[in-house]
1. In this structure, is B:E58 out of contact with any strand residue (DSSP E or B) (no Cβ under 7 Å at 6 or more places or on another chain), at the interface with chain A (Cβ under 7 Å from one of its Cβ atoms) and open to solvent by 30 Å² or more (accessible area, probe 1.4 Å)?
2. Scanning for something hydrophobic (A, V, I, L, M, F, W, C) and over 26 Å from A:L13 (Cβ atoms), does region A:384-402 turn up at least one residue?
3. Among what's in region B:236-268 and is farther than 26 Å from B:F318 by Cα and in contact (Cβ under 8 Å) with a residue 60 or more places away in the chain, pick the residue that is surrounded by the most Cβ atoms within 10 Å (Cβ to Cβ).
4. What is the residue count in region B:394-431 for residues that are touching a residue at least 60 places away in the same chain (Cβ under 8 Å) and within 14 Å of chain A (Cβ to nearest Cβ)?
5. Quick one: in region B:1-40, which of the residues that are among the β-branched types (V, I, T) and touching a residue at least 40 places away in the same chain (Cβ under 8 Å) is farthest from B:E330 (Cα to Cα)?
6. Provide a single number: the residues in region B:349-362 that are surrounded by fewer than 21 Cβ atoms within 10 Å (Cβ to Cβ) and not in a helix (DSSP H, G or I).
7. Run down A:L353, A:L373 and say which single residue is touching a strand residue (DSSP E or B) at 6+ places or on another chain (Cβ under 7 Å) and within 23 Å of B:L50 (Cβ to Cβ).
8. Examine region B:220-231 for a residue that is more than 13 Å from every other protein chain (Cβ to nearest Cβ), surrounded by fewer than 20 Cβ atoms within 10 Å (Cβ to Cβ) and within 30 Å of A:D91 (Cα to Cα), and state whether such a residue exists.
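The values are calculated or read from the model by the stated rules, or taken from the named source; none is laboratory data. Everything numeric in this text was worked out from a predicted model, so none of it was measured. Cβ atoms come from the backbone with ideal geometry, glycine included; neighbour counts cover every protein chain shown. All accessible areas refer to the heavy atoms of the entire protein, side chains included, with ligands and DNA or RNA removed. Shrake-Rupley method; radii C 1.70, N 1.55, O 1.52, S 1.80 Å.
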2 protein chains.
Amino acid sequence: MSEPVTMEKIVSLCRRRGFVFPSSEIYGGLGSTYDYGHYGVLMKNNIRSLWFDAMVQEREDILALDSAIILNPRVWEASGHVAGFSDPLIDCRTCKLRFRADKLDEAHCGRKPSKHPGEWKECDLTEARQFNLMFQTRVGAVEDASSVAYLRPETAQGIFVNFKNVLQIARRKPPFGIAQVGKSFRNEITPGNFLFRVLEFEQMEMEYFVPPDEADRWFEYWVQARFDWHVKYGLRQEKLRIREHSEEERSHYSSATSDIEYEYPIGWGELEGIANRGDFDLAQHTEASGTKLEFVGEGGERYTPHVIEPAVSIERIFVAMLADAYHEEEVAGRQRTVLRLHPAIAPVKAAILPLIAKDSAMVGHARSLYEELRREHVVEYDDGGAIGRRYRRQDEIGTPFAFTIDEQTLADETVTVRDRDSLAQERLPIGGVRAWLDDSLR
Amino acid sequence: MSEPVTMEKIVSLCRRRGFVFPSSEIYGGLGSTYDYGHYGVLMKNNIRSLWFDAMVQEREDILALDSAIILNPRVWEASGHVAGFSDPLIDCRTCKLRFRADKLDEAHCGRKPSKHPGEWKECDLTEARQFNLMFQTRVGAVEDASSVAYLRPETAQGIFVNFKNVLQIARRKPPFGIAQVGKSFRNEITPGNFLFRVLEFEQMEMEYFVPPDEADRWFEYWVQARFDWHVKYGLRQEKLRIREHSEEERSHYSSATSDIEYEYPIGWGELEGIANRGDFDLAQHTEASGTKLEFVGEGGERYTPHVIEPAVSIERIFVAMLADAYHEEEVAGRQRTVLRLHPAIAPVKAAILPLIAKDSAMVGHARSLYEELRREHVVEYDDGGAIGRRYRRQDEIGTPFAFTIDEQTLADETVTVRDRDSLAQERLPIGGVRAWLDDSLR
C-alpha cells in the first residue's frame, strides 16, 4: 500500500521542508557535513531532551556531565586513541587519491571514475598504513609538539577522567552512572549515506559504573532498557534487532558488545551500541595519571568498577525516526506524504488554523489560542492558502494535531481538532484545548 | 550585611558542589578549559532553553538553525576571519614566551615570573605580529593546503551562509530572525578569570534581518529586549548597564554596537553584545560565493537586509547569575551560603526530605511524592543527615523549595514547604504539592 522509503526520499523531504541542508552549500559544501534547519533543530532538541529525561531527570543513580571538546592530549594517549584509533589507508601514486584498505573493492579510481569500483589495473597502490581518525589542532600561540591537541572522537573519556570528581561530590556508590551529551568528531575518509556517517556528530553516552561481579547483569539490563526507549518513542519493533558482536569484531577493551540495529533504507545498521568496557578505561587513566580511579567503600573495601556504556548519536536516531515515520499514501483520491512521528518527537506539536484568513473574528480566536498554547509548546499559526494545503504541509513535518477555527467556532466556541494519522476530526470547546493538548502529549 | 562576592568564592562553591571542575584535572588541566558537573549541566540547560523559548518558541518571526562547527574554509575567507581575526603578539627571544602586544603591561617575564608584571629589562622582545585566533585543523586524509579547515570562532557565519535556504522555506519577509546555539572556539593566549574567557564556549546568537531603513529602530529594540531578559531571570538592575562602543572600538563591519555589561566580581565586563552589522556579511558572502543573498518581495523589489545581532555566551550568563545569586548570611546564629537563583534557572527545583530516614511511613510518603514530581521537574530526594544540614546543602545549590515529610504528615497528609529565600514555612496537603510547584515555577 505504502511505497518503500528510500534514503533519497528522506533527503528530499529534509531539504524541502527545512529539516537538514548540506553544510556550506553556497561554497560547494563540505563532505559529509550538514546544517539543520528549523524543524531539524526542534526535532533534535526533542530527542536530546527525552534521552536526558530518561537517563538523568527520572533516575537517582545517574548524574550529568559536560566535559570540554578539547581535552589535555594525555587523555587520548592513555585511552589508546593516539596509538590505535585509526583506519588502514592506501595511496595511489598514479591518481593521488587515498582509500580505506578494507573498502578498496568499493572505491573508484581517480583517473577512471566511470569504471566499475575496484578496477585498479592502471593504478600504482602503496602498502596500507594506519591513519588516525582524530582531528588534530594546536592550542596556544607556540607551534611546537607540546601544543598538539585533538578534537574528542568520543565523549566517554571526558567522563572517565572526571570519575573521581563526580564520586567525591555525588555521595553515590556503584552501581551509578554519568551521562553526557555533546559533539564528537571523526576524520573519516569514507563517510556518507546522509546523516548515517558524518564528520561531526552529537553523541549521547552514559557510563554506568558497577561492581565487577554485576557487570553481566547490568549489560543485559541496559541493552533491554535502551531497546525499550527506542520503541517507546515510535520505532517499530520489527525494524529493530539486537546483534551481539563476535569476538573478532569487538574493541580491544570490550568483553561484550551488542548493537541495537535498525533497518534503515540502506539496510540493517547500528543505531546504538552497548558495550561492557570492563575496568579498561579507569585502569588506563589510573596508570597514566597516577590518580587512583577506584571506589572505596565505607568499610574500606576498594575496587575498580566495571563500566557498561550505552552510546548513541542524535543523528542515527534522527534518521531512523524519519525513515520509520515516513509514509506516502492515498487519502480520498489524493496523494499525501506524512511523517507519523511520535508526538514527543514531532518538531511542532499543533497547528492553529483560521479557516478563512480574512475573517477577523476567526483570526481573533485563532491568534489568542495560538498565543496561549505557545507558552507551553512549540505550535504554529498558519493562515496561508487553502485549508487542505495547510493540512498537507503539517502532515509533511509530522505535526500530530491541527486546531481549525471555523464558522461554527463563532457560534459555539468550539474548534475542530484533526488527527494527523487517523484523519479523524472532532470538536472541542476552545477553552479546553490547552488541557486537551497537555494530556495528549503526556 | 552580606560579604562581598569574590571570584574565588564562586570558583570554590562551583568546585565543592559539583557545578564546574577544571578540565582534564588528573592530567594537570588544560588552560582556560572547564568541565561541568551535574548541577552545572542542569543550570546551563535551563539558560539555553529559556533563551531558546524567548527567541524561538514564543515568537513567530525567528527560526532555529544548527550549522556545523567545521564549515567549508571559504566561509572564513569571505567573512574576513582568515585575514583579520587576530591578536598582535610579541615573542621574547630570551624567555621564549609569547604575549599580547596590547596587554604587555600586565604580562609576566618567563625568567622572572616573581617580578612585577611589565618589567622587561632582561628581555629581548620582537616586533608585534598578528596571530590568528581560529583553531586550525585538516579535513580528509591528504595533508595539503586544500585540506585546511577551522573550528568556527562564532556561530553567526553559519547563519549567513544559510540565509537563502531558510528564506526559501520559511515564507518570511524582513524583519525576521535566525537563532542558533552552539560551541565556538578561540585560541586566545590570554584567557582567564574562570569562565569569563575560555577556549571553547557555547554561543547563543540571533541574526535579525531587517529592511535597511528600520535597522536603527530594531537595534534599540533588541538592546532593550535582551536587557529585560536578563532582569526577568534574576540579574539585579543595579548590576547591569548598557555601554555604547566608541567608533574606534567597533568592529569594521559594525555601524553601532552596545554591550550589556554586568558588574562581575572582577569589575564591569561584557555580558551580551548587540551589534548592527549592516549588510556587511550578506554582501561579503554574495560576492565570494556568487549566490545572491538578498530579499526579493512579491512586487519584485529587492534589497540586501541589514542585520541586528544579539550575541551572548552561556558561560557569561552562568557566571553573572552565580555572582548575582551568591549570598553569605547569618540565620538564627548560623552562617549559611545561599544561591538566590531565579527558580527557572535553579538546577534543582525542589528537594523532598523525609524528616526521619528510618521511619518507613515517612519514607513511603516521601518516595511517592518524589516519584510523582520527577516526571515533570528536576527534583532531589535526600534522606542523608540532619535536616538542617540537608537544608543548607540545598541552599548552596540554589534549590528554591524543600518539601519535608514529618510526623504531622502521617496524621493529616500535609507537608512543610520551606522557602529558600524567606525561610518561611507553610503546610500544604501532599496531594496538592504538584500543582503548587507547577504554579510556583510558572
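1. Numbers: out of contact with any strand residue (DSSP E or B) (no Cβ under 7 Å at 6 or more places or on another chain): yes; at the interface with chain A (Cβ under 7 Å from one of its Cβ atoms): yes; open to solvent by 30 Å² or more (accessible area, probe 1.4 Å): yes.
Yes: the conditions hold for B:E58.
2. Going residue by residue through region A:384-402, those that are hydrophobic (A, V, I, L, M, F, W, C) are A:386-387, A:397, A:401-402.
After this cut, where a residue has to be over 26 Å from A:L13 (Cβ atoms) as well, the list is none.
Within region A:384-402, not a single residue is hydrophobic (A, V, I, L, M, F, W, C) and over 26 Å from A:L13 (Cβ atoms).
3. B:Y253
4. Just the residues of region B:394-431 that are touching a residue at least 60 places away in the same chain (Cβ under 8 Å), to begin with: B:396-398, B:420-421, B:423, B:430.
Keeping just the survivors that are within 14 Å of chain A (Cβ to nearest Cβ) gives B:396-397.
Here the count works out to 2.
5. Of the residues in region B:1-40, the ones among the β-branched types (V, I, T) are B:5-6, B:10-11, B:20, B:26, B:33.
Next cut, touching a residue at least 40 places away in the same chain (Cβ under 8 Å) only: B:5-6, B:10-11, B:20, B:33.
Values: B:V5: 15, B:T6: 18, B:I10: 18, B:V11: 21, B:V20: 26, B:T33: 35 Å.
Within region B:1-40, the match that is farthest from B:E330 (Cα to Cα) is B:T33.
6. Step one: of region B:349-362, the residues surrounded by fewer than 21 Cβ atoms within 10 Å (Cβ to Cβ) are B:355-361.
Pick out the ones that are also not in a helix (DSSP H, G or I) and you get B:355-359.
Residues flagged as surrounded by fewer than 21 Cβ atoms within 10 Å (Cβ to Cβ) and not in a helix (DSSP H, G or I) within region B:349-362 amount to 5.
7. Details: A:L353 fails: within 23 Å of B:L50 (Cβ to Cβ).
Answer to the selection: A:L373.
8. Going through region B:220-231, the residues more than 13 Å from every other protein chain (Cβ to nearest Cβ) turn out to be B:220-231.
Filter once more, so that each one left must be surrounded by fewer than 20 Cβ atoms within 10 Å (Cβ to Cβ): B:220-221, B:224-225, B:228-229, B:231.
Cutting the leftovers down to within 30 Å of A:D91 (Cα to Cα) gives us none.
No, that holds for no residue.
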